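The values are calculated or read from the model by the stated rules, or taken from the named source; none is laboratory data. Being a predicted model, the structure only gives us computed values, none of them experimental. In this analysis, Cβ positions are derived from the backbone assuming ideal geometry, glycine residues included, and neighbour counts consider all displayed protein chains. These area figures cover heavy atoms from the full protein model, side chains too; ligands, DNA and RNA do not enter into them. Shrake-Rupley method; radii C 1.70, N 1.55, O 1.52, S 1.80 Å.
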Amino acid sequence: DRVHLVGQDFFEALDQQTDQFRSKELFDDLATRDVTAMTLRYAHEGAEATEARVALVEHRWVASTPFRGWARHGVVLGIVDALLDARVARYVPEGGESLVASPTVTLTMTAKERDAEGRDTGRLHEVVVRVGDRCEAAPTDEGVELLAVRVDDAAVVCVARQALETLLGSETTLRETRLLAATDDQVERLVFGRGEASGTDAVLEVRRDEDRWVLREGEASRAADAQAVSEFLGALHAAEAESFEDASEASLAARGLAAPRLRLRVHRSDDESIVEYIDVGAVDTVGVWVRRGEEPVLARYVGGVDELLVPSGLRFRARDVITREADDVLSFSITREGVEERLATENGAWRIEAPYALAADRIATRDVVRALTSLRAARWVGDEVEASMGLASPRLRVHLAMREAQAPDAEHADDEAPDAGAPPPTTIDLLVGAATDGGAFMQPETR
């Protein structure tokens, strides 16, 4: 017997078409992990359609058409993820089938079938997705283009083009051209081999040990530089193949890959059964020939990839030049062109001792000491000094004297550190020589 006054927002919430309450997802029960193969058919105006086929083979996506070889894992899964994330903007009324009668892209996915409890039934089923014309009559936000999409025989719907960009690419984006597919956090161990030992024995190994990296050369182990490992993995990811050819017996022999001179094995942390390896063959006038695992093709890379894959402990050696703290420095001197500038501290106060006896600026001196003790090498060049480095007559000579420090407790010292139990250096000399790419040659000497 009462009449209630309700707000406009309540009325608008109820005053909707039935489609407003329909599911906005394209799929009911499809999961990325269940997709085992896909075929992409691209229509081209005025030309024949092209087709791409990829399938999951032993944890890796492999293409059979239009090329043979590895497919880019992220792109393949990105297509599936994009469709699963896409949302229906509008359901097309009856007769919308005409919008997908001549689809621009047709995707056929083969996926595992699961029962009501989510268990794999051992059977496979196909899902067909057709992307057709623009939904001209569909309401859109400013600048948003909607495309007609149909999954199997379900209703035709409109989906934002932006959500389908991965699917609307071309077959060329499917090819894996990088030297290494595993991401940085998936890499557990890098094992370098050379010559006849490349298939089994390790010349050099870099492995993850909890939150750090360890470098092993022969029987010796030392801490590896995390930044150096990251830069190396980044270089592997950045290297893109310039050309490919089939891996026949003749091509393997011609490209030096029947018996590769180098091999890099990459062990995965997320799955111990997965080991990626890179075989290095002959170098020609264009680049170096490489085979990634048992891929049915060979790839040629340029841009210093040959040098990148040569086993080198220097590349991963810890780059901290001085391992003492700024507070440990008692005095330091800088000698250039025969003139020495020397400073020393007593009770926390710094004084200039040469070439004049003066009080030193506390902040300026502190900044120099911190810069010296935090010094990191841009890269290690080698264990032998060459004349071109200019270290026989250095431009600068820096000498640091440190307070005595107790040696680490050998019982609790790091087992991987070759100098466990050795006392920290009390004097450090830095010789700075000729300029080079990114800086200057420098030789540290400790006592």
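Can you tell me how much longer the chain between ALA392 and GLU145 gets when fully stretched, taken as 0.36 nm per residue apart minus their C-alpha distance, in nm with one decimal?
Here the answer is 82.1 nm.
Could you check the spin-label model distance between ALA434 and ARG319? Points 7 Å from the Cα along Cα→Cβ, value in nm.
Here the answer is 2.3 nm between the modelled labels.
Consider a paramagnetic label point 7 Å from the Cα of GLU404 along Cα→Cβ; state which residues of segment 327-364 have an amide N under 18 Å from it.
Counting backbone N atoms under 18 Å from the label point, the list is 328-331, 347.
From the backbone phi of segment 26-33, what are the Karplus-calculated ³J(HN,Hα) couplings (6.51 cos²θ - 1.76 cosθ + 1.60, θ = phi - 60°) in whole Hz, Gly and Pro given as x?
Values, residue by residue: 7, 10, 8, 9, 8, 10, 4, 5 Hz.
Nearest 500 deg cm²/dmol is fine: what mean residue ellipticity at 222 nm does the chain get from its DSSP H runs of n ≥ 4 alone, each adding -39,500 (n - 2.57), divided by its residue count?
Working: 7 runs with 59 residues, N = 447.
Result for the chain, helices only: -3500 deg cm²/dmol.
Using a 1.4 Å probe and counting only protein heavy atoms, arrange HIS59, HIS4, HIS73, HIS399 so the residue with the most accessible area comes first.
From most accessible down to least: HIS4, HIS59, HIS73, HIS399.
If each residue of separation counts as 0.36 nm, what is the full-extension length gain between THR446 and THR335 once their alpha-carbon separation is subtracted?
38.2 nm
I want to check the label-to-label distance for ALA357 and GLN162. Put each point 7 Å from Cα in the C-beta direction and report it in nm to one decimal.
7.4 nm
Provide the FRET efficiency to the nearest 0.05 for the ASP246-SER269 pair, computing r from the beta carbons and using R0 = 35 Å. Can you show the working numbers first?
Values: r = 33 Å, r/R0 = 0.93.
Once the sixth-power term is evaluated, E becomes 0.60.
Test of understanding: in a Gaussian network model of the chain with alpha carbons linked when under 10 Å, which of THR106, THR172, THR436 would top the mean-square fluctuation ranking?
THR436
Could you sort 153-160, 80-87 so that the peptide with the highest average Cβ count within 10 Å comes first and the rest follow in order? Intermediate values should be presented prior to the final figure.
Details: 153-160: 18.2, 80-87: 16.8.
For the peptides 153-160, 80-87, the packing ranking is 153-160, 80-87.
How large is the Kirkwood hydrodynamic radius of the chain, in angstrom, based on all distinct alpha carbon pairs?
By the Kirkwood definition, the hydrodynamic radius is 27.8 Å.
Given the Cα-Cα distance of ARG370 and ASP29 and 0.36 nm per residue of separation, how much length would full extension add, in nm? Before the final figure, lay out the partial values.
Numbers: separation 341, 0.36 × 341 = 122.76 nm, distance 5.92 nm.
Result: 116.8 nm gained on full extension.
Just grab the label-to-label distance for GLU346 and GLU97, each label 7 Å out from Cα along the Cβ direction, in nm (one decimal).
Roughly 10.0 nm, to one decimal.
Relative contact order for segment 71-154 using alpha-carbon pairs under 8 Å, separation at least 6, rounded to a whole percent?
Here the relative contact order equals 25 percent.
Please compute the contact order of the chain in relative form: average sequence separation of alpha-carbon pairs under 8 Å and at least six residues apart, divided by the residue count, as a percent.
Details: 844 pairs, mean separation 42.1, N = 447.
Worked out over the chain, it gives 9 percent.
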